[in-house]
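S.K.: Dumping the structure here so I can ask a few things about it.
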Amino acid sequence: MSTDGLSRRLAIVALLAGLLLGVGNFEAAAQHDALPSWNDGQSKQAIMDFVARVTHEGGPDFVKPAERIAVFDNDGTLWAEQPLYFQFLFAIDRVKALAPQHPEWKDQEPFASLLKGDLKGALAQGEHAIVEIIATTHSGMSTDEFNGIVGDWLASAKHPTSGKPYTDMVYEPMLELLDYLRANDFKTFIVTGGGIEFVRAFAEQRYGVPPEQVVGSSAKLKFQFRGGTPLLQKLPDVDFVNDGDGKPVGIQMHIGRRPIAAFGNSDGDLAMLQWTCTGAGPHFCLYVHHTDAEREWAYDRTSDIGKLDKGLDAAADGGWTVVDMKNDWRAIYPPQN
């Protein structure tokens, strides 16, 4: 083979290798995007810049892995919360399921109105009615039995407007964010106003958050024996409300470290974000702002569910990140298989 022929062949091999390497580099770059459901913009960049700062060993904002605590609200932050909190929809379904055992409910409020489909009438007594509904439907069983009941409900119940299973209404961008933080040695906690036992029933499977990293509102429990077997019985008495000002208290009781990152969507999360973002050292606070009436819901300052009023003002004053769901998220829910 002539020198010119060999040179041409080497040039062709080099060109093909370059093309193949180019494809490989392109695929690697695509895979490197840990937040593919987030549009490029200020919110995504703020998250990635913060993670880069606190994980850069030797940098001025480096945070040891043991102190990389991130806390997430659940309702409206990790999954949807309209038209009612999903746990309350579970409670309504439990009233219907238990009604044959309670014929007196036909004439007893708030149960009578619920059984007639009159939610407004059932809630006419305000917070007292909600407490009674939750207490009645979430007690009188062991913690293991309750976990099974919640699991069965989530496996069969469908959202009243979307028709989706409730666990399909988690937010894909937030699932990616949880994974991204954990890949960077953050420990992720759910800090919810919802019931701790309710959220623990699905948090590990759906969010990758184990039960011991769920902080929530709780009812009193009693250790007792049934047929010689020890169990924890759920009682109809409130033990702790992990909402509003209670969230920092719950964080201290269950976690014992001040978070460096907090994620919420409502005024009920404001104290948690304030607690996080007024601590010493680097910190990051983010509000999910529901602005997408077409793919989800649009609501904020005047909403009965997930009201975001004081929180919006605090975010502006504190320079916190506010996610515009309509513009910042390419997708809302996970892709269907």
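S.K.: Filtering the range 207-262 down to residues that are charged (D, E, K, R) and either touching a helix residue (DSSP H, G or I) at 6+ places or on another chain (Cβ under 7 Å) or crowded, with 16+ Cβ neighbours inside 10 Å (or both), which residue is nearest to MET169 (Cα to Cα)?
M.R.: So, considering only residues that are charged (D, E, K, R) and either touching a helix residue (DSSP H, G or I) at 6+ places or on another chain (Cβ under 7 Å) or crowded, with 16+ Cβ neighbours inside 10 Å (or both), the one nearest to MET169 (Cα to Cα) is ASP243.
S.K.: Then there is this: Among the residues of the range 181-195, write down those that are under 30 Å from HIS56 (Cβ atoms) and crowded, with 18+ Cβ neighbours inside 10 Å.
M.R.: LEU181, PHE186, LYS187, THR188, PHE189, ILE190, VAL191
S.K.: Look at the range 315-325 and say how many of its residues are on the phi < 0 side of the Ramachandran plot, more than 18 Å from the chain's Cα centre (by Cα) and not acidic (Asp, Glu).
M.R.: 4
S.K.: While we're here: What number of residues within the range 71-95 are farther than 18 Å from GLY151 by Cα and among the polar types (S, T, N, Q)?
M.R.: Selection size over the range 71-95: 2.
S.K.: Something else: Which residues, taken from the range 217-234, are touching a residue at least 40 places away in the same chain (Cβ under 8 Å) and within 26 Å of the chain's Cα centre (by Cα)?
M.R.: ALA219, LEU221, LYS234
S.K.: Report, by residue number, each residue of the range 315-337 that is assigned to a helix (DSSP H, G or I) and surrounded by 19 or more Cβ atoms within 10 Å (Cβ to Cβ).
M.R.: If the condition is that a residue be assigned to a helix (DSSP H, G or I) and surrounded by 19 or more Cβ atoms within 10 Å (Cβ to Cβ), then ALA315, MET325, ASP328 are the ones that fit.
S.K.: State all residues of the range 301-314 that are assigned to a loop (DSSP other than H, G, I, E, B) and over 18 Å from the mean Cα position of the chain (by Cα); if no residue qualifies, say none.
M.R.: ARG301, THR302, SER303, ASP304, ASP309
S.K.: Test ILE332 against the criterion of being modelled with pLDDT of 95 or more and touching a Lys or Arg at 6+ places or on another chain (Cβ under 7 Å), and give yes or no.
M.R.: Considered against the rule, which asks whether it is modelled with pLDDT of 95 or more and touching a Lys or Arg at 6+ places or on another chain (Cβ under 7 Å), ILE332 comes out as yes.
S.K.: Can you give me the number of residues within the range 45-65 that are aliphatic (A, V, I, L, M) and either in contact with a strand residue (DSSP E or B) (Cβ under 8 Å, 6 or more places away or on another chain) or at pLDDT below 95 (or both)?
M.R.: 2
S.K.: Name every residue in the range 133-151 that is on the phi < 0 side of the Ramachandran plot and touching a residue at least 60 places away in the same chain (Cβ under 8 Å), in order of residue number.
M.R.: Residues satisfying the conditions are ILE134, ALA135, THR136, HIS138, SER139, MET141, SER142, THR143, ASP144, PHE146, VAL150.
S.K.: May I pose another question? Go through the range 71-114 and report how many residues are in contact (Cβ under 8 Å) with a residue 60 or more places away in the chain and among the hydroxyl-bearing types (Ser, Thr, Tyr).
M.R.: Total meeting the criteria: 2.
S.K.: Also, I was wondering about something else. Any residue at all in the range 80-95 that is of a type outside the set (Phe, Trp, Tyr) and over 27 Å from the mean Cα position of the chain (by Cα)?
M.R.: No, the range 80-95 contains no residue that is of a type outside the set (Phe, Trp, Tyr) and over 27 Å from the mean Cα position of the chain (by Cα).
S.K.: Conditions first: (1) in contact with a Gly (Cβ under 8 Å, 6 or more places away or on another chain); (2) buried (at least 16 other Cβ atoms within 10 Å of the Cβ); (3) more than 30 Å from VAL63 (Cα to Cα). GLU296 passes all but one, so which condition is the exception?
M.R.: (1)
S.K.: Additional query: Kindly indicate whether any position in the range 112-127 is under 30 Å from ARG226 (Cα atoms) and at pLDDT 95 or above.
M.R.: No, the conditions are met nowhere in the range 112-127.
S.K.: Pairs needed: first member in the range 152-171, more than 15 Å from ILE332 (Cα to Cα) and free of Cβ contacts under 8 Å to residues at least 24 places away in the same chain; second member anywhere, charged (D, E, K, R) and surrounded by fewer than 16 Cβ atoms within 10 Å (Cβ to Cβ); C-beta distance under 8 Å; at least 6 residues apart or different chains.
M.R.: These pairs meet every condition: LYS158/LYS164.
S.K.: Something else: So how many residues does the range 175-193 have that are more than 16 Å from THR77 (Cβ to Cβ) and assigned to a helix (DSSP H, G or I)?
M.R.: 2
S.K.: Using the structure shown, decide if ASP179 is over 13 Å from the mean Cα position of the chain (by Cα) and not β-branched (Val, Ile, Thr).
M.R.: Answer is no for this residue.
S.K.: Find all pairs meeting these conditions: Cβ atoms under 7 angstrom apart; at least six residues apart or on different chains; first residue within the range 194-211 and among the hydrophobic types (A, V, I, L, M, F, W, C); second residue in a loop (DSSP other than H, G, I, E, B).
M.R.: Final answer for the pair search is VAL199/ASN74; ALA203/VAL209.
S.K.: Those residues that are more than 14 Å from the chain's Cα centre (by Cα) and assigned to a loop (DSSP other than H, G, I, E, B), I need them from the range 266-289; list them, please.
M.R.: Across the range 266-289, the qualifying residues are THR278, GLY279, ALA280, GLY281, PRO282, HIS283.
The values are calculated or read from the model by the stated rules, or taken from the named source; none is laboratory data. What you see is a predicted model; the values in this text were computed from it and never measured. Positions of Cβ are generated from backbone atoms using ideal geometry, with glycine treated the same way; all protein chains shown enter the neighbour counts.
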